[in-house]
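Beneath this line is the structure, given in structure tokens, with notes to follow.
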Amino acid sequence: MNASMTTAVLISTIVVLILHAKIARCCGGYELEIDYIRNCDSDNIVELSEKFNVVLKPNCQVYINGCITAHANITSATVEFTVQKDLIKLSGKKDGCKQLDDAKSSSDIQMGLEILGLPKSCPINKGTVCFGNKPINVSKYKLRMNVLAGHLKGKSVTTTNAGKTCMEFSAKLVNVLMKAIGRGVIG
């Protein structure tokens, strides 16, 4: 084998190892890139803290950082929402308190609410809940992440007995291998 061939094989091997090392550090080969999670009204009755964030760790643990403050007791809530993944858009209107009641049949949702210290039903009492270092394990969903991969956006306007709340987000669930290949090809 000549020197240029050996160099090419060595460089290719290093690139492959770097790609595999990066993928191994991500949940099923995916990483979450948050563009923003924010309040979209200054008079929200339920408010996210200023630096509210969600992080997907390599071990498939989701960490929610920040606080949610309810500025009044909430006994009823109607949520109008729009969620979009790439070009697919879903909009609707739901009774928020009924959705919490219906979530009781899902052990995953109940466990998530419990871990985060969030109310499992209405009424929701006035106060602040901060999340800190409470992980939610999503490893059982890592084989389904390819369905969610892409640009995700959403907005909700919730009308409660005490006032309105508006929140919105934009994020990307990215396949790290495709991202690396794209950078290699494009740039």
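The values are calculated or read from the model by the stated rules, or taken from the named source; none is laboratory data. Since the model is a prediction, treat every value here as computed from it, not as a measurement. Virtual Cβ from ideal backbone geometry, glycine too; neighbours counted across all protein chains shown. Note: accessible area is taken over every heavy atom of the protein model, side chains too, but ligands, DNA and RNA are not part of it. Shrake-Rupley method; radii C 1.70, N 1.55, O 1.52, S 1.80 Å.
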Within the range 41-80, how many residues are within 19 Å of Pro119 (Cα to Cα) and of a type in the set (D, E, K, R)? 1
Given (1) open to solvent by 50 Å² or more (accessible area, probe 1.4 Å); (2) assigned to a strand (DSSP E or B), number of the condition Gln99 does not satisfy: (2)
Could you identify the single residue in Ala77, Ala72 that is more than 24 Å from Ala171 (Cβ to Cβ) and aliphatic (A, V, I, L, M)? Ala72
If we keep only residues of the range 23-55 that are of a type in the set (Ser, Thr, Tyr) and either open to solvent by 60 Å² or more (accessible area, probe 1.4 Å) or under 26 Å from Val79 (Cβ atoms) (or both), then the residue modelled with the lowest pLDDT is Ser42
Quick check on the range 142-160. Is at least one of its residues in contact with a helix residue (DSSP H, G or I) (Cβ under 9 Å, 6 or more places away or on another chain), charged (D, E, K, R), at pLDDT 80 or above and surrounded by fewer than 16 Cβ atoms within 10 Å (Cβ to Cβ)? no
Check on Thr69, of a type in the set (Ser, Thr, Tyr), outside any helix (DSSP H, G or I), in contact (Cβ under 8 Å) with a residue 40 or more places away in the chain and open to solvent by 50 Å² or more (accessible area, probe 1.4 Å): no
